[in-house]
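Nothing in this text is a laboratory measurement; each read-out follows from the coordinates by a stated rule. Quick caveat, the model's predicted, so the values are computed rather than measured. Here the Cβ is made from the backbone with ideal geometry for all residues, glycine too, and neighbour counts use every protein chain on show.
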Amino acid sequence: MDFLTALKNGVLLADGGMGTLLAAHLGPGEPPYLLNMTAPDVVLTAHKAYTAAGADIITANTFTAANDELVRAGVALVKQAEARFTALDLGPTGYLMEPMGELSFEAAYEHFTKLALAGADSGADLVLIETMSDLYECKAAILAIKENTSLPVICTLSLQENGRTLTGCNIKTAAAILESLGVDALGLNCSLGPAQLRPFVLELLETANVPVAVQPNAGLPRVTDGGDTVYDVSPEAFSEYAAGFARAGARIVGGCCGTTPAHIAGMRKLLDEAAKPPLTVKKECPHIIAASGTRAASLSGGPLLIGERLNPTGRKRLRQALREGDMEEVRREALAQQEAGCHILDVNAGLPDIDEPAVLAQMVRAVQSVSNLPVQIDSTDLKALEAALRVVNGKAVVNSVNGKRESLDSVLPLAKKYGAAVIGLTLDENGIPGTAEQRLAIARRIRGAAVSHGIPEKDLLIDCLTLTVAAQPDQVPETLRAVRLVKEELGLATVLGVSNVSYGMPERENLGAAFLIAALASGLDAAILNPLSEPFAGTIRSWRVLSGRPEASAAAGTEDKPLQWVIEQYDKGTVFLPELLLAARKEIERLKLAAPSQDAETRQDAASPPILLASVQGDIHDIGKSIVQAMLECHGFNVVDLGKDVPSGRVVEAVREYGAKLVGLSALMTTTVGNMRRTIIDVLAAAPDCAVMIGGAAADASVSDAAYYGRDAMEAVAIARRVYGREG
Ligand code: THG
């Protein structure tokens, strides 16, 4: 039985953590995957223990391994253990993606492609992408696997205690994005114990339409007096939770950090005893039609407003800027429309004399660098459409497909592959039909084609086509009638470009607003319009009141807000990491530009030594460290980044070289806590006056009495203030 058939037929048991089993064989800070080469027998023994415990899926010891040799060796060891199903394990690159960090989408794609090819070639049955915290990085990995192999894909996320990923995506939005990208299962792993993860698992089960996987840690980590990290949930207790997850509808259960073959054996027993789990009862969740990396748009909150202004038609300045590759105007328009309260940004680069694929993708990146609204890709050029869809962070809307065979055959596969919703224009080989009934017939054909390409009906928006009243006055009622028919007969959502109606007319905006009301009254769900136009904005406000939904749903952007405000919102959980980093970066620019005298009292004295930051040896993660650096810098501190995987000796050297007053050490992996301790001891021995602060997922106050512990980047700033005597 192949993996997907088995997944359809019942609950599958995955294996547990490798760290615990391999720890004794690892030097301080050594990543487990090295053992695939240096001590393969140890890895094989661990796999065999999990196979013997009854795991159906054995995960190769390849988490965060970055070269194909390690992957080949890792997959081969699972096969040797005679696993029922062999999973290639892929983890995060450890870098932040653009525009937050330096890693480009294509570089991430290349990274995952190399590993996926090696995994498929060595005989993996599936790929498990796990412990992910950025949906954009997930997209790169999923595309890499799907474009280069035919292996099933499972993608599981690591959540913070607030139920969001590090980059601020909530569970429902994450599920919508991953599902649209065509994963075979999705879920949650690591980060929390089964008790803390349970509410999040239940929420996921309510919304997911594909099988759900759950692999918690054996509780929250605790560092013993002896310095070991331990997880306290026993095999018995863990198995009870896991059986509960299966009863609630999870189709893959297993463990992560701190779980052992005993945990897996306990789960096997309970799963075998459990009756066949009932199907999950789905709550009616608002369907997410589009999403960015942090924000979703659905049709449930009243009319969806799609901003039309990122379009060179009739706009000289934007046209000029696009020709010159100058994205400043694009960023400005994106922000202005977001501030005006629209929900999705239409992006169009339709100029005859332009490299549309390049420019459209560049526009999408520019929009994503300042705005967290979902985007709608407006192009008739297939190459441009694909180039833009690739770099979209989240779930886009494709604008558009139409009823022509050629359009359906070429656009729908792209929308499916990139997980986008689609606008269907009700025109075909014979042009725009004159009657509402004919447009309905085309809408029906588009629906049939979309569904046969695997695109759900809920991801369709039918555009009944607004014509210009100046040229075809008899068409306005047909368009409105078509909107009503499409909703009543097909139950599909509808969209119209509202501005088209008023071309060449006096009182253009008032005319458009009147048409908008008529369309809303006919049941229109979404409107492409200029959100900055006061007549439109006023119409929408009034419509909301009249339809009993006065509260505007769109939150204001973080742009042009002071950093302190963004930080406070970040603490409250209303803005997320991408916005925080962007705001921080902007503040750094501002501080650099400001006359030195102006900020003298807030800036670190140029003569005082910089703060040194390092991820300790064995830790290749620099995400948390990047955040701390950005926050320190925008509070006026000079920072020197020593990098990641930094040996203790190198830190000591740098402390001497700079005469440092403060060193910040980061450790994400529990396996590197020992190195953190070592480094603290070495630094304090060499420079007793130098303060050390620590942070990162694996560090807490119990790591060392001799160091300050900062729970997050703001606490790091507070510590720095204290050390540099800049309190208050
Ligand atoms: N349906 C769908 N997509 C569409 C349309 C539609 N995309 C394009 C268009 N129609 C909607 N977008 C625009 C963009 C600009 C204008 C109108 C519709 C526009 N521009 C002004 C002009 O040309 O004079 C200039 C505006 C300015 O300078 O502020 O009117 O129907 N699916």
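Among A250, A513, G17, which residue has its Cα furthest toward the positive end of the charge dipole of the chain, with +1 on Lys/Arg Cβ and -1 on Asp/Glu Cβ?
A513
Rounded to the nearest 5, what % of the DSSP beta bridges within the range 346-432 are antiparallel ones?
Values: 1 of 12 bridges.
Given both bridge residues lie in the range 346-432, the antiparallel proportion sits at roughly 10 percent.
When only DSSP loop residues count, what GluC sites (Glu not before Pro) in the range 349-452 have their Cβ near at most 16 other Cβ atoms within 10 Å?
E429
In straight Cα distance, which lysines are under 17 Å from K8, not counting same-chain residues fewer than 8 positions off?
By straight Cα distance, K8 reaches K276.
Please enumerate, by chain and number, the lysines with C-alpha under 19 Å from the C-alpha of K172, excluding those fewer than 8 residues away in the same chain.
Within the straight-line cut-off, K172 pairs with K139, K282, K283, K395, K458.
Can you give the % of DSSP beta bridges in the chain that are antiparallel, to the nearest 5?
Close to 10 percent.
Which of the pairs K79/K114; K48/K114; K146/K416 have their Cα atoms more than 22 Å apart in this structure?
Too far apart for the 22 Å limit: K48/K114.
Taking a cut-off of 26 Å between Cα atoms, list the lysines near K586, but don't count ones fewer than 8 places away on the same chain.
Leaving aside lysines fewer than 8 places away in the same chain, those within reach of K586 are K561, K572, K625, K644.
Could you list S133, S542, S239, S150 so that the one with the fewest beta carbons within 10 Å of its beta carbon is first and the one with the most is last?
If I rank by nearby Cβ atoms, fewest first, I get S150, S542, S133, S239.
Please compute, over every Cα-Cα pair in the chain, the percentage with a separation greater than 53 angstrom.
More than 53 Å apart: 14 percent of the Cα pairs in the chain.
What's the magnitude of the charge dipole for the chain around its Cα centre, counting Lys and Arg as +1 and Asp and Glu as -1 at the beta-carbon? Answer in Debye, nearest 20.
On the way: 66 positive and 87 negative charges, 228 e Å.
Rounded to the nearest 20 debye, it is 1100 debye.
With +1 on each Lys and Arg Cβ and -1 on each Asp and Glu Cβ, and nothing else charged, work out how big the dipole of the range 569-685 is about its Cα centre, in Debye to the nearest 20.
With only Lys, Arg, Asp and Glu charged at Cβ, the dipole is about 140 debye.
Might you report the magnitude of the Cβ-based charge dipole of the range 54-121 about its Cα centre, with Lys and Arg at +1 and Asp and Glu at -1, to the nearest 20 debye?
The dipole of the range 54-121 has a size of about 280 debye.
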